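The values are calculated or read from the model by the stated rules, or taken from the named source; none is laboratory data. Small disclaimer: the values here were computed from a predicted structure and weren't measured. Positions of Cβ are backbone-derived with ideal geometry, glycine not excepted, and every protein chain shown enters the neighbour counts. Remember, those area values only see protein heavy atoms, side chains included, never the ligands or the DNA or RNA. Shrake-Rupley method; radii C 1.70, N 1.55, O 1.52, S 1.80 Å.
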Amino acid sequence: MSAYYLQLVVNGIVAGSVYAMFAVGLTMVYGVFKFINFSHGELITWGAYLGLMFSSPPFSLPIYLAAVPALGITVLLGLAQDWFIYRPLRQSNPVALLIASIGLSYFMRNAIRLIWGSDFQTFNLPAARGMSFGGIYITPVQVMMVSAAVVFLTILYLLFTRTILGKSLRAASDNMELADIMGISMTRVTITVWVLASLFAATGGILLAMDTNMDPMMGMASLIKAFAAVLIGGAGNVWGALLGGMFIGVAENLSVAVISPGYKDFISFALIFILLLVRPTGIFGIRGGVR
Amino acid sequence: MLVLNNVTKRFGGLIAVNDVSFDLGDVGISGLIGPNGSGKTTLFHLISGFYTLDSGTISFMEKRISGLPPHAISQMGLSRTFQQTRVLPFLSTLDNLISAAPNQAGENILALFFRAKKVRQEEAFNREKAMDILDRLKLSDLAHLPAGDLSYGQQKLLELGRVLMADPRLIILDEPTAGINPTLIRDLVTTLKALRDRGIKIFLVEHNMPLVAELCERIHVMDSGSLIFSGSPQEVQGNKRVIEAYLGRDDSAA
Amino acid sequence: MTVLLELDNITAGYGKAPILHDICLNLDKGEIVCIIGPNGAGKSTVLRTVAGQLQPSRGTMAFKGRDLTCLSIAQRGRKGLIFIPQGMNIFPNLTVIENLEIAGALMKDSRALNAAVKEILQHYPMLDKKKNAFGRTLSGGERQVLALSRTRMLKPDLVLLDEPSLGLAPLVVDFIFDEIKEMGKGGSSVLLVEQNARKGLSVSHRGYVLELGRNRLTGTGAELLQSDEVRRLYLGG
Amino acid sequence: GTVSVGAVTPLTGKLAVYGEGFQQAMLLAAEEINASGGINGDTLEIVFEDNNSTSKGSVSAIRKLITIDKLTLVFGPAASSNFLAICPIAQKNKTILIGAESAAAEITKCGSYVFRVFPSDLLQGTGVSELASSLGYKEVVLTYVNNDWGVGLAEVFKRQFLASGGKIIDELAHAEGKTDYRSEILRIKRHNPKVVVNLTYIKEGATILKQAYETGLNTQWLMGSASKSPKLVALAGKTAEGIIGTYPTFSQESPEYQAFKTAWEKKYSGKKTPIFGEYNYDMVKLTALALRDAGSVDADTVRESLLKVSQGYMGTTGDKSFDENGDVGATYGRWTVKDGAIIDYQVEK
Amino acid sequence: MDYLYHILILIMIYSIFAISLNLELGFAGLYNFGHIAFFAIGAYTSALLSLGGMPIPLAVVLALVASGVAGAILARFTLGLSGDYFGIATLVFAEMIQLLLLNERDITRGPMGLPGIPRPAWMGSGHEGLIWFLAVAVIGTVLVFFLVRRISNAPFGRALKVVREDEFVAQALGKNTFILKTKAMVMGSVLAGFAGVLWAHYITYISPSDFTLNETIFVLLCVVVGGKGTNVGPLVGAFVIVFFGEFVRFLPIPSEFSRFVAPLQGMVYGALLIFMMLKRPQGLISESRR
Ligand SMILES: Nc1ncnc2c1ncn2[C@@H]1O[C@H](COP(=O)(O)OP(=O)(O)OP(=O)(O)O)[C@@H](O)[C@H]1O
Ligand SMILES: Nc1ncnc2c1ncn2[C@@H]1O[C@H](COP(=O)(O)OP(=O)(O)OP(=O)(O)O)[C@@H](O)[C@H]1O
Ligand SMILES: [Mg+2]
Ligand SMILES: [Mg+2]
């Protein structure tokens, strides 16, 4: 019976790593540009669909190769978002950015439907029985999901704390005007943020789609969980995002053992509420973490 | 008026305010000076309720105020300004002032409907009062500008205006003249003296020593979180510890 | 002496109505120049225009003989023109050390950077004590010193300083003005805005008096300090 | 001239996935009708209105069709919740409303102007229950997609299965549109059930099958009609092998169906026939017959004609005789997946 | 005509809904991304009670009370949070309410929804019924509009704006920010509940899928496009947004292209929003400063 709970925890960790990858991107954009980017979800979706495009004719690349141009193009999309929409809005108030991001999210989601249709799609990877470790099953894709999250977040952490670029990023998120004055190239900071955020989103999106399938709503569906992870982890905190994601993943998976799965999401949301009551800045919301 | 008993505030390992006790007594204008980082602003935050004490008590008009939320303290007639100016950036300068009027009946929804006349009269009165204050601070041309567009000094003046608007019993001012033009400072001095003469007590932090010497009847000196000396301006300027910690050798009070 | 900065008939403002009208101002290499004037005269606006936060609607600006207007803020920074704004001039969520290291965005050499940071910390025990504290926990005076020392580290050609003595204890005020003098001697020019006009003018070679966005008076620091008109109108008698 | 009928169709929103196929099937039918003389010489035209997959959109759409286009006959939207939101409006305005894929049992009670060519849940739920019993299963785990369709069907199933002496070991809903059903699967796995009744859609179904396989759950899956799609097999791959389901049968060998299939492939070069496409096709065809018979668009006349012409009408999906509630009957067949193909299930031993 | 009445009724309902959100978002600066929850609570309470045989007026009153209580509860939990945390927490709250409606099948019938919600008998059914309903909706909207305008133009509205701009300052000025925000939220919730009540009795069928994040975004658009922090803005916004949605139905589009219409329409919709923000972020009506 304990294998059962262990398996639930393992599954929670897998789900949580994907939430975390999305959450980090959100939290970074939020940290520097001070708005909640609703169109982050669409970067996830675009990543997956571009992966699909390159893995089907005429390209027909194996998925691992197809991921490369897919990630590249998603990054370009992320940069384009900023260049054409968010940059001109930087001077106005954050709400304008938020609303614009909602608009952009509609736009990009519908663009996917225009190109690929509304139906869901799949990479058609053959189903494989998971590797079993003492009754705990885990598939190679799931292993990849967890490792991608850990590797990416570690790199990110080192970047933030050990490099000048990372410190510039934090400086920019603190006080953009002053950073500009200090000769920190805002262009570079901006590019870094969007490249990283898009990269994480697209990687997560492709992995998620490999694990299951994709449809135009997939990004939107993951977004709320990513928000929740940010909320628990504390805005702008890399480890917070990771642990926040894990927390939600594990909590919602474990909850199914006790209550109706219809309430699966309810449990993680309710936990967030309780946590916020106790610690209004999130559990890991060490103020002045990476921010 | 205002009594502090063994007030202590820690930030992690740092003791920002260390066992400070004093009584403002019946003094019209009291001053608080001390080196940068000695805990003056922290002390003001403690008095006005923005920080919670680690130990000690503060009472105002014989009532204990430590533990009360900031708005409750403010409603008791203790008004403050912020060292780093905090205006309401998207509200007009005039609205910034009117908002500062205390206990407005119109802020109660029921009164809006059942005592509409009183609300109207009060509003008209507040508006007039606010315009008066703007005049006095030479800001009346800017009355309809969003307050966020004011220059630093103008914002500082606006903060002072808010305090004037509130009809307080005690006002605590955190560096009211920093960034204000010397000529205007003269006007401010007049204003503050007039307030004192009306019986309003004033407690201010300032680094402008000549001003402190001119205005304050009694001066408290802080260093590294502790109160190191209290006395008249002359006593303070003659005190060796104060000179060492704060004023410096080449007496800038001149 | 070579002219470092030259403003010629600059008109600038935030919206439609200009705040500055036909401002002319120049500054030589190694010179310290102070701008004084009543609140809202447009002093900060002058600095913002030079720093690049505002685009002038008319007039020309030259720095080291080259046109300034087309450079971005960060580019001006890299060309050796550093602006320390009024108020928020440090990074609150970076530690003191990190605040200094951020200057490294301009100093490419990390070894030199570390050395420079070390030197600053030695020079300012006040900062050394707090080197691992977050910027937001610093007191007003500590912030000013941090901002100024960080600038010093960069050895810029021109520093734009908006009210450096704001909120500083007398001891520190003296200290800061000494620093400014030092900077001048060290080869950096300083364009200073001060409400503490006596102190400001006394460390400056020359001064400008601004009123309602126009040049009102100009002269050497000493001249202005002596002038009756200046005394009456701007120094509070 | 033209004879116009309306269609409230989910072209946007979460059901847009299906809406597109419905629309294409309806257009195909209309084209064929017009090629064969239209409605007594008039062209049949379908006015499509998007409902954004919401009830708000459905109400707007039908109000527009009734008031602006002055239509007396409207094809209703997918999703019973949307259909139920507009059936009172149709009934009050004496407008005929015909559904092609709404299964909720409630629709039977909508009123005299409301029809559907799709069998009620009542029949399908019974079908699944009979399937389980006939395979000899006495204890099942029941899971269903948590929406109007899934819950409605599950309720009927439960009632029937319990009545027939079966036992439900565990019952759990799974949310619509998720990508991860592993925790639900684990909960099922804990019971180590011989059989799981899974009343769900294609995407959810495929994901569950695949993840169940990955998680090492070995069981017999029994499914409903909504998962009977080559798409499910494509998505789930080999993990779909051996699942058994019921569906309202209509013989795929019937000449009507073959004709539909050929026509579809000709018009939409090589595209697979969409889920419920046949029903939409039948709905338009049957409506055209009624319109021809009525010789007018007056709702009451058309209503009479619908009841009349439908009696014994064989569409691609079988017998479409409306009963007095505007419902059709159905026979339930069984399907299974073998070697990657959906075939009729034959009891082997 | 019925279609026109329908559009007008929709505009009225969304006007009320938008006004209620504007009270929180425009005046008090509370970014409530879960506003649909109160709409849903109003709709469900009134529907369930009146289906259960309670007289409609009583059911409506209880529905308003229920929304207000829910608003107070949410306020209690979330008002301590800073702006963006608050936004996400409210969003999560709305998801929770939706899950409750979906899963508490014994009470709400879950995804099956509640059909046959009654309207007052005097409205009759059919054509006249719609006119009567429109009349009620218009009266409701006018009342709500003047009520909120009265409040927002008064010192109370200004105090909310003070809180919106800087909570510390508000406290220093003696304003009880928690109470002020709670009041705004309770009032906003009651009004949203009112919009929900109208909705339920108008459509006569509700199900959890009517109350999604999309709806919150829809009403957010009404407020933002109209002009937040203004009194007329939400009305203008509701009118423009609802009208635009219906207007699209009349564009002549050949059915071969219909596959592309929906996504293109969505793209245009998104692009318009972006364009709006780039060109006129304050909304059609902008906040005046007195
Ligand atoms: N929120 C905080 N967290 C941690 N430390 C703090 C915080 N606020 C203040 N401090 C520390 O407490 C000490 C006292 O700060 P305070 O702002 O009260 O000084 P001050 O006397 O007002 O100085 P100044 O004259 O420069 O304004 C400083 O060392 C400061 O770094
Ligand atoms: N962001 C802004 N938008 C619009 N007007 C502004 C803005 N900032 C300043 N102003 C106006 O420009 C004028 C000059 O402002 P500036 O900040 O340059 O004054 P200053 O001389 O630095 O004053 P102080 O000594 O008070 O800092 C003021 O009247 C002010 O109201
Ligand atoms: Mg201080
Ligand atoms: Mg200034």
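Couple of notes before you dig in:
- Ordering C:50, C:172, C:192 by the projection of their Cα atoms onto the charge dipole of chain C, which places +1 on the Cβ of Lys and Arg and -1 on the Cβ of Asp and Glu, puts C:50 at the extreme positive end.
- Taking every protein chain into account, the 1.4 Å probe leaves residue A:106 with about 40 Å² of accessible area, to the nearest ten.
- Cα shape, chain A, gyration tensor, a/c 1.5 rule: oblate
- Relative to the longest principal axis of the Cα atoms of chain B, the long axis of helix B:152-165 makes an angle of roughly 70 degrees.
- Counting, for every residue in A:266-276, the Cβ atoms of other protein chains within 10 Å of its Cβ and taking the mean gives 4.
- Since only E:174, E:219, E:118 are under comparison, the one whose Cα sits farthest along the positive direction of the charge dipole of chain E, derived from C-beta charges on Lys, Arg, Asp and Glu, is E:174.
- Kirkwood Rh, angstrom, the stretch D:61-111 [1 / mean 1/r, Cα pairs]: 10.8 Å
- Here chain C is treated as an ellipsoid with the same Cα gyration tensor; its semi-axes, largest first and in whole Å, are 29, 21, 16.
- Test item: D:40-52 mean partner chain Cβ contacts at 10 Å: 2
- For residue A:177, solvent-accessible area (1.4 Å; no DNA, RNA or ligand), Å²: 120 Å²
- The peptide list C:16-23, E:72-79, A:244-251, put in order of mean Cβ contacts within 10 Å with the highest first, becomes A:244-251, E:72-79, C:16-23.
- Taking amide H atoms as placed 1.01 Å from N in the peptide plane, the amide H of residue D:176 lies under 5 Å from those of D:146, each 5 or more residues away in sequence or on another chain.
- Summed over both chains, the accessible area lost when E and D associate is about 2800 Å², using a 1.4 Å probe.
- Rg(Cα) / (2.2 N^0.38 Å) computed for chain D, rounded to two decimals: 0.99
- Rolling a 1.4 angstrom probe over the protein heavy atoms with all chains in place gives the stretch B:96-138 an accessible area of 56 Å² per residue.
- Against chain B, whose longest principal axis comes from its Cα atoms, helix B:182-197 is set at around 80 degrees.
- The sum of -39500 (n - 2.57) across all DSSP H runs of n ≥ 4, divided by the residue count of the protein assembly as shown, sets its helix-only mean residue ellipticity at 222 nm to -17000 deg cm²/dmol.
- Taking only the alpha carbons of chain E, we obtain Rg and Dmax values of 19.1, 65 Å in that order.
- Among the protein heavy atoms, those of residue E:49 account for about 50 Å² of accessible surface (1.4 Å probe, every chain in place).
- Beta bridges from DSSP with both residues in the protein assembly as shown: antiparallel share about 45 percent, rounded to the nearest 5.
- For the stretch D:53-149, applying the loop criterion from DSSP together with a ceiling of 12 other beta carbons within 10 Å to the trypsin sites (Lys or Arg not before Pro) yields D:70.
- Between chain C and chain B, the total buried accessible area stands at approximately 1900 Å², from heavy atoms with a 1.4 Å probe.
- In this simple spin-label approximation, residue A:154 and residue D:324 carry label points 7 Å from Cα along the Cα→Cβ vector, and these lie 7.5 nm apart.
- About its Cα centre, the dipole of chain A is roughly 480 debye, where the only charges are +1 on Lys and Arg Cβ and -1 on Asp and Glu Cβ.
- For chain B, the longest principal axis of the Cα atoms and the long axis of helix B:116-136 meet at an angle of about 50 degrees.
- The largest-to-smallest principal axis extents of the Cα set in the stretch B:89-206 are 48, 33, 20 Å.
- Sorted from longest to shortest, the spans of the Cα atoms of the stretch E:1-90 along the three principal axes equal 45, 32, 17 Å.
- Kirkwood analysis of chain B, using all unique Cα-Cα pairs, places the hydrodynamic radius at 19.1 Å.
- Sparse-neighbourhood loop sites, GluC sites (Glu not before Pro) in the stretch D:229-322 - DSSP loop, at most 11 other Cβ within 10 angstrom: D:253
- Accessible surface of the protein assembly as shown [probe 1.4 Å, protein heavy atoms]: carbon and sulfur percent: 59 percent
- The stretch A:84-133 and the stretch E:70-91 have Cα centres lying 27 Å from one another.
- The residue list A:106, E:239, B:210 was ranked by how far each Cα lies along the charge dipole of the protein assembly as shown toward its positive end, using unit charges on Cβ atoms, and B:210 comes out on top.
- Rg over Rh [alpha-carbon atoms, Kirkwood Rh] for the protein assembly as shown: 1.03
- Accessible surface, per residue, of chain E when the full set of protein chains is kept, probe 1.4 Å, Å²: 34 Å²
- The stretch E:165-290: projected area of the alpha-carbon convex hull, averaged over directions, in nm²: 11.1 nm²
- Taken across both chains, chains D and A shield about 3100 Å² of accessible surface from a 1.4 Å probe.
- Relative protection proxy for B:7-15, C:39-47, from highest mean packing down: C:39-47, B:7-15 (other beta-carbon atoms within 10 angstrom).
- Average beta-carbon neighbours from other chains, 10 Å sphere, peptide D:56-67: 5
- Equivalent ellipsoid semi-axes - Cα gyration tensor, the stretch B:89-149, angstrom: 24, 13, 8
- For the residue pairs A:264/D:189; B:118/E:161; C:64/C:185; A:225/E:183; D:167/D:338; D:56/E:183, the C-alpha atoms sit more than 26 angstrom apart in A:225/E:183; D:167/D:338; D:56/E:183.
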